[in-house]
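A quick write-up on the structure given underneath.
The values are calculated or read from the model by the stated rules, or taken from the named source; none is laboratory data. Since the model is a prediction, treat every value here as computed from it, not as a measurement. Ideal geometry is used to build each Cβ from the backbone, glycine not excepted, and the neighbour counts take in all protein chains shown.
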Amino acid sequence: WAKHQGRSQLCLYNHRMQEETRERLHLFNDLYQAIRDNGFTLVYQPQHNAEGDVTGAEALCRWVNNGHSVYPDVFIAAAEETNLILPLGDWVLTHACQTLRQWIRNKSLPPSFRRLAVNISPAQFMDPDFEAKLDKTMKSCDIDSSVLELELTESLFMGDKDLIRDKMQRLSNKGYTFALDDFGTGYSSLSYLQKLPIDKLKIDRAFVMDINPDNEPASIVDAIIQLGQNLNMDIIAEGVETDQQQVYLKDHGCRSYQGYLFSRPLREDMFVSYIHKRPV
Ligand code: C2E
Ligand code: MG
Ligand code: MG
Ligand code: MG
């Protein structure tokens, strides 16, 4: 009997695996076509200071496949698995810079606006052509490097440390700025923080979520803020959803915020009306 049961479970397992493989192949194929056919869009989530001004935005990629939106966590991971992240990353960078150029030309941005942030995958950053592509995109859009913020994750620092440091340093010397995304969720040692030209730490949403009425002090948030202050870096909190979280963050020295409390990520035109709707 045991033998029989074992075999039927094996069958079930095989069937599930086949199903998963088929779904994955479909996903990769659709992703490939979407890259070829310009099937992506970008949305922009506002970033605010403690006075309520819009100081920047983060560009986030969206994909609607066969009528269904696919989560970025899913399709970015799939793109990273195959080297499709390179053409997708190029598209994101180009499109974000073109939008920024439009906003600057149309004088859509308030004086408080400092930077547009773009997420850069490790493979994209490690691409030997990355720097040249970046410079070319910025030049063709006639945007100053200081208006772009490159968001990197700690997972990048698993790679060749010297190479990464040199590349970041060169880009930093050219005026580009770096934010460390999802800070606190990675495994890497903290010693790299001092050695790399990082301008900003983004406190991960998971830690901001821990700030709630019945909680003891949110010690990780406090520690990240202090670390950032000691290293002379800017600090922004991601995923701020409640007034109370914002007040806590402000009282503890974090003066930049991004999250649903202010706005969800917005389409290009909605972002501009969001800025104009705000009291001056
Ligand atoms: P991320 O870079 O950490 O982006 C922040 C994520 O948090 C976004 O999810 C945003 O929509 C979400 N978020 C912002 N505020 C709140 C809030 O108050 N509450 C909650 N629950 N969520 C909030 P999204 O757009 O789904 O993107 C997920 C991840 O996918 C991003 O995390 C980023 O790692 C990646 N991603 C998105 N677009 C790109 C891209 O163009 N290139 C690359 N390489 N990665 C991207
Ligand atoms: Mg990000
Ligand atoms: Mg993040
Ligand atoms: Mg994330």
Query raised in the report: Is one or more of the residues making up the range 213-220 β-branched (V, I, T) and farther than 16 Å from A117 by Cβ?
Result: yes
Query raised in the report: Restricted to the range 190-216, and to residues that are touching a Phe, Trp or Tyr at 6+ places or on another chain (Cβ under 6 Å) and away from ligand 4 (no atom under 16 Å from the Cβ), which residue is nearest to I235 (Cα to Cα)?
Result: D199
**Report entry** Q246 within 16 Å of ligand 3 (Cβ to nearest atom), within 22 Å of the chain's Cα centre (by Cα), at pLDDT 95 or above and polar (S, T, N, Q)
**Finding:** no
Report task. Please enumerate the residues belonging to the range 131-160 that are at pLDDT below 95, surrounded by 18 or more Cβ atoms within 10 Å (Cβ to Cβ) and of a type in the set (A, V, I, L, M, F, W, C). Result -> L156, F157
**Report entry** Selected residue (criterion: nearest to ligand 4 (Cβ to nearest atom)) from residues of the range 165-175 that are in contact (Cβ under 8 Å) with a residue 24 or more places away in the chain and in contact with a Pro (Cβ under 9 Å, 6 or more places away or on another chain)
**Finding:** M168
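So that you can scan it fast, the table gives a plain yes or no per residue for (1) among the small types (G, A, S); (2) surrounded by fewer than 18 Cβ atoms within 10 Å (Cβ to Cβ); (3) farther than 24 Å from A123 by Cβ:
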position	(1), (2), (3)
A50	yes, yes, yes
T55	no, no, yes
W63	no, no, no
G67	yes, yes, yes
P72	no, yes, no
N83	no, yes, no
N106	no, yes, yes
S112	yes, yes, yes
Requested in this report: Evaluate the range 55-73: report whether one residue or more is in contact with a Cys (Cβ under 9 Å, 6 or more places away or on another chain), among the hydroxyl-bearing types (S, T, Y) and closer than 27 Å to I275 by Cα.
Outcome: no
Requested in this report: Using the structure shown, decide if S219 is away from ligand 2 (no atom under 16 Å from the Cβ) and either in contact with a Pro (Cβ under 9 Å, 6 or more places away or on another chain) or more than 15 Å from M233 (Cβ to Cβ) (or both).
Outcome: yes
Query - Filtered residue count, the range 136-186, keeping only those that are among the hydroxyl-bearing types (S, T, Y), within 16 Å of ligand 3 (Cβ to nearest atom) and out of contact with any strand residue (DSSP E or B) (no Cβ under 8 Å at 6 or more places or on another chain) - result: 2
